[in-house]
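Visitor: Dropping the structure in here first, questions after.
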Amino acid sequence: MKSSTFALRAGGALCAVMVVALAAQPIFAQKAFLKQVKLMFPDLDKAKANCSICHEYDKEKKEHPDKKNINALGKALHDQPAMKDVIDQKEGDDHKFTDDELKNVQTALKALYPDQATLEKAIANKKL
């Protein structure tokens, strides 16, 4: 009985360590970035206002937006000078974006797409 209790505790601790280690990895896909898109372009079709603006991934294959599947807009956003200090921050509780960082995201987006019509045209033409 003692050995099975120890095994359960050790297994649980190992799982917890793995979850923390995986969650702490820096990622490019940031919900805060998408929120800025939605704030700047509130009338953007909800079907278009999602992670696929910056990423190409297959949900059916259980893929998720990350550094490996950034599309042209994601790359262009990444390369904007305003994004220099914003990129690769940890999301969630690990990194709370400051107002200045979020303003930098908006500055970078505005440099790429000065208005909603420009963004929508790029999405429609798949030239993000």
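The values are calculated or read from the model by the stated rules, or taken from the named source; none is laboratory data. Just so it is clear, the model here is predicted, and its values are computed rather than measured. We place every Cβ from the backbone using ideal geometry, glycine too, and count neighbours over all the protein chains shown.
Visitor: Given the conditions (1) at pLDDT below 80; (2) part of a helix (DSSP H, G or I), and given that Asp100 satisfies all but one, which numbered condition is not satisfied?
Guide: It fails just one condition, (1).
Visitor: Scan Ala82, Ala111 and give me the residue that is surrounded by 15 or more Cβ atoms within 10 Å (Cβ to Cβ) and either modelled with pLDDT under 90 or among the hydrophobic types (A, V, I, L, M, F, W, C) (or both).
Guide: Ala82
Visitor: Can you tell me which residues in region 55-75 are of a type in the set (A, V, I, L, M, F, W, C) and either surrounded by fewer than 18 Cβ atoms within 10 Å (Cβ to Cβ) or at pLDDT 90 or above (or both)?
Guide: Within region 55-75, Ala72 is the sole residue that qualifies.
Visitor: Any residue in region 48-59 that is at positive phi sitting within a Cβ distance under 9 Å of a residue that is β-branched (Val, Ile, Thr) and not in a loop (DSSP other than H, G, I, E, B)? List the pairs, counting only those 6 or more apart or interchain.
Guide: none
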